[in-house]
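The next block holds one structure in the form of structure tokens; read it before the comments.
The values are calculated or read from the model by the stated rules, or taken from the named source; none is laboratory data. The structure displayed is predicted, hence computed values, not measured ones. Positions of Cβ are backbone-derived with ideal geometry, glycine not excepted, and every protein chain shown enters the neighbour counts.
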Amino acid sequence: MVYLDHNATSCLRPQSRLAVEGALAVQGNPSSPHQWGRRARALVEEARKDIAEVTDAEPKNIVFTSGGTEANFLALWGAVLGAADAGAPIERLLVSAIEHESILTTARDIQERRPEIGLAAIPVSGDGVADIDALRVLLAGGTRALVAVMAANNETGVVQPIAEVQELVHAAGGVCVVDAVQACGKIAVDFAGADYLTVSAHKLGGPQGAGALVMRDGAPFVAVIRGGGQESNRRAGTENVAGIAGFGAAARLCGTDDIGRLAGLRDRFEAGLRQRFPDAVIFGERAPRLGNTCNFALPGIAAETALIALDLDGVMVSSGAACSSGKVAPSHVLRAMGVCADLARSALRISLGWNSTESDIDAALASLEKLAARITARRAA
């Protein structure tokens, strides 16, 4: 089997599996004061230090969540509610057009429930890069804005100009949410300029069901999930000790992967793609990209057809984000980049991870070539 869908979820690292198994043997609640509780608390706090290290933050800034989606939800709603309580309300939400659905849906929910808050999209270029000049114009209105721009896009791998975004937002008196779920572990993630930053375990080779919101000291915030006093009263609910322990183990391995090796594998795939399919389109190829990601289209071959054919060959890829209940539909990211609907319906994504190999790349190319030959023969008949 060939797995090339690491942006959906990366394969569980052996070190994370061992950490999860070890934590499952610890029976205590991390909020309990007795010995078993203290053992569980120690695992959570050790992982908190690991996440702080990989995001260049302080442990006290880390709030554990059930994943990236919850972290994004808490960041947006927590900021809006916190700013209102502090007497400096958010008046506009500015969200890049290529954000993850968890950001887009939450922003729309906030605007519907708080109609006094405006909502506008930050456009992107044809290569999928947030338009800094457009953001500058949007910020010129003089009202306080909450701006959400992801560090790197999960579908195209295009890296966003986060430092410029943060500088503009803070100069205008706004606050900034950075979804770093896909970027963390693949490029350097520096929390220093962000007010809120989100990460997720299973994109790093950790277990599913664990994530974190990283918050700047003093950033406006009101807890949305309330009950107990867990996570310093910022997110109620007993911590997922086993998931968090696995998250920490995966975070400790960030920087040990040879990112250049993955970029070389990606380049090998794209070179082979060009050789076999001269009309292939690679989205975002002129922009800085994560070294592990290639989003491409073979005109005339529907993504759904290709996904089924590759899967039958034991090659697992995707058609974009893995957040649509298995549906294959044109990507909102590609639409925002101006890609026509017909071409967008042919889009596929390969994404590499810590255990990807040259043979994986060669198998994917061979399967695509076989599919194209079969389609050509059928059309000729």
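Within the range 359-380, residues that are surrounded by 17 or more Cβ atoms within 10 Å (Cβ to Cβ) sit with their Cβ atoms under 9 Å from residues that are part of a helix (DSSP H, G or I) and basic (Lys, Arg), at 6+ positions apart or across chains, in these pairs: 361/266; 361/268; 365/268; 365/276; 368/276; 372/276. The test for being hydroxyl-bearing (Ser, Thr, Tyr), surrounded by 14 or more Cβ atoms within 10 Å (Cβ to Cβ) and in contact with a strand residue (DSSP E or B) (Cβ under 6 Å, 6 or more places away or on another chain) does not hold for residue 356. In the set 191, 221, only one residue is touching a strand residue (DSSP E or B) at 6+ places or on another chain (Cβ under 7 Å) and at pLDDT 95 or above; that residue is 221.
Being hydrophobic (A, V, I, L, M, F, W, C) and either within 14 Å of residue 97 (Cα to Cα) or surrounded by 17 or more Cβ atoms within 10 Å (Cβ to Cβ) (or both) narrows it down to one residue among 124, 137; which is it? 124 is the lone residue from the list that is hydrophobic (A, V, I, L, M, F, W, C) and either within 14 Å of residue 97 (Cα to Cα) or surrounded by 17 or more Cβ atoms within 10 Å (Cβ to Cβ) (or both).
Checking each residue in the range 302-339 for being at pLDDT 95 or above, outside any helix (DSSP H, G or I) and not small (Gly, Ala, Ser) picks out 313, 315, 316, 317, 337, 339.
Pairs are defined by a Cβ separation below 6 Å, a sequence spacing of at least 6 or placement on different chains, a first member in the range 131-150 that is in contact (Cβ under 8 Å) with a residue 60 or more places away in the chain, and a second member that is surrounded by fewer than 20 Cβ atoms within 10 Å (Cβ to Cβ); the pairs so defined are 144/91; 144/173. When 271, 287 are screened for being buried (at least 16 other Cβ atoms within 10 Å of the Cβ), among the aliphatic types (A, V, I, L, M) and modelled with pLDDT of 95 or more, only 287 passes.
Against the conditions (1) among the aliphatic types (A, V, I, L, M); (2) over 27 Å from residue 182 (Cα atoms); (3) part of a helix (DSSP H, G or I), residue 88 satisfies every one except (3).
Taking residues in the range 103-115 that are closer than 17 Å to residue 147 by Cβ, and partners anywhere that are of a type in the set (A, V, I, L, M) and assigned to a helix (DSSP H, G or I), the pairs with Cβ atoms closer than 6 Å and at least 6 places apart or on different chains are 106/76; 110/80.
Is it true that residue 170 is modelled with pLDDT of 95 or more and over 17 Å from residue 69 (Cβ atoms)? So residue 170 passes the test.
Of the helices (runs of 4 or more DSSP H) contained entirely in the range 219-277, those carrying at least 1 residues that are aliphatic (A, V, I, L, M) fall at 241-252, 259-276.
Are any residues in the range 132-151 in a loop (DSSP other than H, G, I, E, B) and of a type in the set (Asp, Glu), and if so, which ones? Once the filter is applied, which keeps residues that are in a loop (DSSP other than H, G, I, E, B) and of a type in the set (Asp, Glu), the range 132-151 yields nothing. Whether a residue is buried (at least 19 other Cβ atoms within 10 Å of the Cβ) and either farther than 22 Å from residue 112 by Cβ or not assigned by TED's automatic domain parsing to the domain that holds residue 116 (or both) was assessed, and residue 79 does not pass this test. Could you please tell me which pairs satisfy a Cβ distance under 9 Å, a separation of 6+ or placement on different chains, a first residue in the range 299-324 that is more than 18 Å from residue 378 (Cα to Cα) and among the charged types (D, E, K, R), and a second residue that is modelled with pLDDT of 95 or more and outside any loop (DSSP other than H, G, I, E, B)? Within 9 Å, the pairs are 313/2; 313/363; 313/364; 313/366; 313/367; 313/370; 313/371.
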